[in-house]
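> Here it is: the structure, laid out below.
The values are calculated or read from the model by the stated rules, or taken from the named source; none is laboratory data. Only a predicted model underlies this, so the values are computations on that prediction, with no experimental measurement involved. When we count neighbours, we look across all protein chains shown, and the Cβ atoms used for this are built from the backbone with ideal geometry, even at glycine. SASA here: full protein model, heavy atoms, side chains in, ligands and nucleic acids out. Shrake-Rupley method; radii C 1.70, N 1.55, O 1.52, S 1.80 Å.
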Amino acid sequence: MTQAQIIDGKGIAARLRSALRQEVQALQREQGLTPGLAAVLVGENPASQIYVRMKVKACKEVGIYSRQVTLPAATSQEQLLALIAELNHDPQIHGILVQLPLPAGLDERAVLESVRPAKDADGFHPENLGYLLAGYPQVLPCTPAGILKLIDSTGIELVGAQAVVVGRSLIVGKPTALLLLSRHATVTLCHSRTRDLEQVCRRADVLVAATGRPRLITAEMVQPGAVVIDVGVNRMPDRSLVGDVDFEAVRQVAGYLTPVPGGVGPMTIAMLMQNTVAAARRSGAK
Ligand code: NDP
């Protein structure tokens, strides 16, 4: 039996960044405009620190001006909202990202809603999520947009395909389901109360796992030949990183499979770059 083809998210993301670099140079040449991204980090969550560092590094590579604002965990809601209000009005900044999770005591929802929708680089603002639901997306959430690009890289026909998304979070599962629906897949959205998860997953031509449960998706849950996208990033007690998919076993069954790391993660960052460049372009068009 042939093994699944591994979807090279790292390579696809690198090509995307390189195309964006060209676009940034064109924006600078034609409009004297350099896209700018502000990354707001509150507290000292080690994983968040790594994510923000990776995003700042990607900005450098693409030619985006980046400003990292690091605030202490004891920052008050008012201070954080005041900073975002400032960034909302800063002409050098076209995209704002607030690294999640925020420390306890801060109201994540209020903070995300305070970002001007036009500068919402992560695509988490309810206005942008609403546009996605309404069928005319403005800013796409980064991880779901990256997932769709990975699925498209396999060449699978989504029209009429059975797509199963496991996980219904606002930042991954739900918007991924909406994007798949907009591409005319027949979408099933699963969660922790789904009955017979194995049977539901086995119907999938495209299976997206976004649960944060290490190796939840086993080989028995996968239809032979399916496209399997593993969004999960789980740190194990031995410090290794594993996804939500049992990689070695599923590899024997699936047609295509993303690795962890090197699959969805780099795409999320590439799409953040894309959102920032698009926001800068829109601001220049006014
Ligand atoms: P959340 O914790 O917000 O959501 C998890 C979802 O999985 C929930 O809908 C939950 O169901 C569902 N779930 C949990 N356990 C089960 C189960 N046993 N069977 C079926 N469904 C289950 O997570 P996120 O969506 O934020 O993230 C998911 C994973 O993706 C995490 O590992 C995260 O680290 C990773 N991630 C990776 C990114 C990347 O760029 N690579 C970006 C964002 C996230 P219910 O709603 O019923 O509780």
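> Ile217's amide H: which non-local residues (gap 5+, or another chain) put their own amide H closer than 5 Å, with H modeled 1.01 Å from N in plane and none for Pro or chain starts?
Long-range HN contacts for Ile217: Val245, Asp246.
> Then there's this: Above 18 Å lies some portion of the pair distances; for the stretch 4-60, what is it as a whole percent of all C-alpha pairs?
When all Cα pairs of the stretch 4-60 are counted, 53 percent exceed 18 Å.
> Would you mind getting the accessible area per residue of the stretch 1-45, heavy atoms of the protein chains only, 1.4 Å probe, in Å²?
I get 55 Å² per residue for the stretch 1-45.
> Now for a separate question. Considering only protein heavy atoms and a probe of 1.4 Å, how much of the accessible area of the stretch 1-73 is carbon and sulfur, as a whole percent?
Using a 1.4 Å probe with all protein chains present, the stretch 1-73 comes out at 52 percent carbon and sulfur.
> What does the convex hull of the Cα atoms come to per residue for the stretch 141-286, in Å³?
116
> Please list Val69, Val165 in order of solvent-accessible area, largest first, computed with a 1.4 Å probe with all protein chains present.
Largest accessible area first, the residues go Val69, Val165.
> Quote the Stokes-Einstein diffusion coefficient, in whole µm² s⁻¹, for the chain, based on the Kirkwood radius over alpha carbon pairs, a temperature of 10 °C and a viscosity of 1.306 mPa s.
Translational D for this selection: 81 µm²/s.
> Related question: Rounded to whole Hz and in sequence order, give me ³J(HN,Hα) for the stretch 95-105 from the Karplus expression 6.51 cos²θ - 1.76 cosθ + 1.60, θ = phi - 60°, writing x for Gly and Pro.
Working through the residues one at a time gives x, 10, 10, 10, 5, 9, x, 7, x, 3, x Hz.
> Follow-up question, since we're still on this one. For the chain, what does the helix formula give at 222 nm: sum of -39500 (n - 2.57) over DSSP H segments with n ≥ 4, over the residue count, nearest 500 deg cm²/dmol?
-13500 deg cm²/dmol
> Determine the alpha carbon to alpha carbon distance for each of Lys10/Lys149; Lys119/Lys174; Lys10/Lys57 and list only those over 18 Å.
Result: Lys119/Lys174 exceed 18 Å.
> Hey, another quick one. If you roll a 1.4 Å probe over the stretch 110-166 with all protein chains in place, what percent of the accessible area is carbon or sulfur?
Heavy-atom surface of the stretch 110-166 belonging to carbon and sulfur, 1.4 Å probe: 53 percent.
> Place a +1 charge on the Cβ of each Lys and Arg in the stretch 114-207 and a -1 charge on the Cβ of each Asp and Glu, then give the dipole magnitude about the Cα centre in debye, rounded to the nearest 20.
200
> Averaged per residue, what accessible area in Å² does the stretch 95-137 show with a 1.4 Å probe, protein chains only?
Averaged over the residues of the stretch 95-137, the accessible area is 45 Å².
> Still on this model: Quick query: amide H of Gln68 versus all other amide H atoms, modeled in the peptide plane; which residues come in under 5 Å with a sequence gap of 5 or more or a different chain?
Counting only residues 5 or more places away or on other chains, the set is Ala39.
> Hey, what D do you get for the stretch 103-173 in µm²/s if you plug the Kirkwood alpha-carbon radius into Stokes-Einstein at 4 °C and 1.567 mPa s?
Estimated diffusion coefficient is 94 µm²/s.
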